[in-house]
Amino acid sequence: MVRRIPFNSGTTPFYSMEGGRYTLRDLVVYAAAFAFFYMLFQWVPSGWAEQLTAQSSSAAMNALGMASSYGVEGGVVALSLVSGVRPVHVYIVRECSAIHVLGVVLGLIVPLKGAQWTRKAEAIALGALLVYAMNIARIILTVVLTGYDLPLLSWFAASPTVETYHYPISFLFGVAGVAATILAVDRLVLPELGDFLAQLPDALTSTLRKLINN
């Protein structure tokens with residue numbers, strides 16, 4: 001259970017929990033762990049994640065009545081939509097699998113101090129599931145909007161390409177999706193995460209003041 005305390009730039013620690021307190025050293029360790037997990041998931045092999053992404057996206061579109069297929073072409077995973085106004089053929093690369101976002105989730109949760117490891121594991125599982133589901137929705141939305149001339153949007157892009165929708169949709173899902181994932185993890189499994197992130201700006205400000213004054 002998290003015990004919140006009012007921020008005090010004097011002698012009060014940044015953040016207090018039943019089981020520990022965040023000090024400057026804790027914040028440095030947390031930042032280092034976050035960077036480690038993020039960089040790790042930028043480096044680990046992602047072929048399995050790319051194939052899972054393409055397979056799941058194709059299966060979902062087929063279930064919705066849109067003819068789709070996936071495969072591997074020259075070592076690169078491809079996803080195709082053959083129904084609609086125009087066929088759409090895209091390649092699923094590392095960034096499309098959202099594996100790097102999973103690194104962000106682990107980087108936020110694993111180094112968190114004062115939380116039980118069982119609840120951390122539950123939070124990671126929930127975060128991974130949400131990231132996976134939202135990424136599949138992002139890809140399907142991008143492909144379907146490209147392949148079908150839907151009203152309103154078709155007024156602004158008569159002959160859209162994947163790039164027409166890819167960047168704005170990816171930006172929207174990237175920002176809102178990560179925020180929604182953190183909020184869900186905080187509310188459903190791990191309240192320490194939201195409490196820590198809420199206290200973090202004041203903690204960093206206090207640290208900078210102390211370093212400057214010393």
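Return the residue satisfying two criteria in turn: it lies in the stretch 63-97 and is in a helix (DSSP H, G or I) and exposed (fewer than 14 other Cβ atoms within 10 Å of the Cβ), and of such residues it is nearest to the chain's Cα centre (by Cα).
Glu95
Looking for something of a type outside the set (Val, Ile, Thr), modelled with pLDDT under 90 and in a strand (DSSP E or B) - is there at least one such residue anywhere in the stretch 21-43?
The answer is yes, given that some residue of the stretch 21-43 is of a type outside the set (Val, Ile, Thr), modelled with pLDDT under 90 and in a strand (DSSP E or B).
Please state which of the following conditions Ile92 fails to meet, knowing it meets all the rest: (1) touching a strand residue (DSSP E or B) at 6+ places or on another chain (Cβ under 7 Å); (2) farther than 21 Å from Gly177 by Cβ.
Condition not satisfied by Ile92: (2).
Please count how many residues of the stretch 93-134 are closer than 19 Å to Glu50 by Cα and of a type outside the set (A, V, I, L, M, F, W, C).
Adding up the residues that qualify gives 7.
When only residues in the stretch 98-151 that are more than 30 Å from Asp26 (Cα to Cα) and either without any contact (Cβ under 8 Å) to a residue 12 or more places away in the chain or of a type in the set (Gly, Ala, Ser) (or both) count, which is surrounded by the fewest Cβ atoms within 10 Å (Cβ to Cβ)?
The residue in question is Pro151.
Which of the residues that make up the stretch 48-67 are in contact (Cβ under 8 Å) with a residue 60 or more places away in the chain and among the polar types (S, T, N, Q)?
Listed by number, the residues that qualify are Thr53, Ser56, Ser57.
Under 7 Å between Cβ atoms, at least 6 apart or on separate chains: pull out the pairs that start in the stretch 165-191 with a residue that is without any contact (Cβ under 8 Å) to a residue 40 or more places away in the chain and end on any residue that is crowded, with 19+ Cβ neighbours inside 10 Å and among the β-branched types (Val, Ile, Thr).
Tyr165/Thr142; Tyr165/Thr146; His166/Thr142; Ile169/Thr142
Looking only at the stretch 175-189, which residues are exposed (fewer than 15 other Cβ atoms within 10 Å of the Cβ) and not charged (D, E, K, R)?
Once the filter is applied, which keeps residues that are exposed (fewer than 15 other Cβ atoms within 10 Å of the Cβ) and not charged (D, E, K, R), the stretch 175-189 yields Val175, Ala176, Ala179, Ala180, Leu183, Leu188.
The values are calculated or read from the model by the stated rules, or taken from the named source; none is laboratory data. Because the structure is predicted, anything quoted here is derived from the model rather than measured. Heads up, the Cβs are rebuilt from the backbone with ideal geometry, glycines too, and the neighbour counts pull from every protein chain shown.
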